[in-house]
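The values are calculated or read from the model by the stated rules, or taken from the named source; none is laboratory data. The model shown is predicted, which means the values in this text are computed figures rather than measured ones. When we count neighbours, we look across all protein chains shown, and the Cβ atoms used for this are built from the backbone with ideal geometry, even at glycine. Note: accessible area is taken over every heavy atom of the protein model, side chains too, but ligands, DNA and RNA are not part of it. Shrake-Rupley method; radii C 1.70, N 1.55, O 1.52, S 1.80 Å.
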Amino acid sequence: MGAYSKDQPASKTRKDLMQIPFCFVDVFAERPLTGNPLLWFHTPRCMMQRIAGELNQTETTFILPSRDKSAHWRLRPFTAPGHEVFGAGHNSLGAWWWLAESKELKLTDGSNHFIQEIGDNLLPVEVRSEGQQLMSVVLTQSPPQFGNICEDVRGLANALGLEIDDLSLSLPAQVVSTGAGHLLVPVRNRAAIARAHPDAQRLAKILNAVDGEGCYLYCLDAVLPSSAAYARFFNPTMGIVEDSATGTAAGPLACQLVSHGIVKDRSTITIEQGYEMKRPSLLRVEVHGKTVRLAGRGVRVIEGTLRIE
């Protein structure tokens, strides 16, 4: 599939049949069929929600010309039910990985800097290259905002299909945002996280009450000695049953761990996710004060064409 420029529309054939190229990228992955799959399109604006629903992925990102002259690209990610997502996570990192691999970006060895437009935010993107090889994409998220605490710990445990003793009371269950506000729920260990089976309606009610979008269960009982935390993500408010790698939740979790002195500021931490979905993912977050940067790699696994009228 050839590279697409900002101004190149999807092609049409007889009877106005539109052929729209797409690509699947496994994000936060080193090999295919791991990480979090992202589907991206370069497509007319009017069809974004319908296409996202047709493909039925956790998120589908559309790469568009930027509205702001200081931005290089505008990204509009949608969930399968049609909700637009405004945080910078796998929905953004996978798109920039494709842009870099497809020679849409002019890269030199070292750090290459760009600006992305997501919603009303203009956020820096760093693409790291070495020996003409793409090494990683680094996204700057919004400064952390610490929100409401869920006081109904018993109700939260029940909504997650857990016992109250499965939750850890050493840290609060709190909404933290670095672009999207998620409820971070500390759990005692990986075994408890694996047992979680949320009641979507009850969990959504709790999330709405604390002004949270999704729920990030985490513990400090990681698989790898080099990792800081192990997590699962549920988002019934956006129609997401479970997500295998959630950058918009990993950033807030890193900030929460720093704010409580569990990890040091000015450090890079790794968060494990996706093991229960058989898609192990490693999310790396750099926290320097109020600057939060999410780093990762991707693997292109599928390319094709969507044909619609």
Legend entry - Which of GLU151, GLU163 is most accessible, then next, and so on - probe 1.4 Å: GLU151, GLU163
Inset, instruction - Report, to the nearest whole %, how much of the accessible area of the chain belongs to carbon and sulfur atoms, 1.4 Å probe, protein only. - result: 48
Legend entry - Computed accessible area, LEU169, all protein chains, 1.4 angstrom probe, square angstrom: 130
Legend entry - Cut-off under 5 Å, modelled amide H: who pairs with GLY82 long-range: none
Legend entry - For THR61, net neighbour charge (Lys/Arg +1, Asp/Glu -1) across residues whose Cβ lies under 12 Å away: 0
Legend entry - Given charges at beta-carbon only (K, R positive; D, E negative), |dipole| of the chain in Debye: 640
Inset, instruction - Using DSSP to define loop residues, name the trypsin sites (Lys or Arg not before Pro) in the stretch 55-145 whose beta-carbon has at most 10 other beta-carbon atoms within 10 Å. - result: ARG67, LYS69, LYS103, LYS106
Legend entry - Accessible area (Å², 1.4 Å probe, nearest 10) - SER168: 20
Legend entry - Length-normalised contact order for the chain - Cα pairs under 8 Å, 6+ apart - percent: 21
Inset, instruction - Quick one: order THR108, THR61 from most to least accessible surface, probe 1.4 Å. - result: THR108, THR61
Legend entry - Mean-position separation - Cα centroids, the stretch 172-192 and the stretch 199-267, in angstrom: 4
Inset, instruction - Please get the size of the charge dipole for the stretch 95-223, origin at its Cα centre, with Cβ charges of +1 on Lys and Arg and -1 on Asp and Glu, quoted in debye to the nearest 20. - result: 200
Legend entry - Contour excess over end-to-end distance, with Cα ends at SER70 and VAL241 and 0.36 nm allotted per residue: 57.9 nm
Inset, instruction - For the chain, find the longest principal axis of its Cα atoms and tell me its angle to the long axis of helix 90-101, 0 to 90°, nearest 10. - result: 40
Inset, instruction - Working from Cα positions, state the angle (0 to 90°, nearest 10) between the long axis of helix 247-259 and the longest principal axis of the chain. - result: 40
Inset, instruction - At 1.4 Å probe size, with no ligands or nucleic acids counted, give the accessible surface of CYS219 in Å², nearest ten. - result: 0
Inset, instruction - Mind jotting down the distance between the C-alpha centroids of the stretch 109-157 and the stretch 76-90, whole Å? - result: 14
Inset, instruction - Per DSSP H run of n ≥ 4, the term is -39500 (n - 2.57); total these for the chain, divide by its residue number, and report the mean residue ellipticity at 222 nm rounded to 500 deg cm²/dmol. - result: -5000 deg cm²/dmol
Legend entry - Gained length - GLN19 relative to CYS46, 0.36 nm times residue gap less alpha-carbon distance: 8.2 nm
Inset, instruction - Provide the per residue accessible area, probe 1.4 Å, for the chain, rounded to a whole number of square angstrom. - result: 45
Inset, instruction - Would you kindly derive the ³J(HN,Hα) couplings of the stretch 297-308 from the backbone phi angles with the Karplus curve 6.51 cos²θ - 1.76 cosθ + 1.60 (θ = phi - 60°), listing them in order in whole Hz, with x for Gly and Pro? - result: 10, x, 9, 6, 10, 9, 9, x, 9, 9, 10, 9
Inset, instruction - Calculate, in nm to one decimal, what ARG307 and SER226 gain on full extension: separation in residues at 0.36 nm each, minus their alpha carbon distance. - result: 24.6 nm
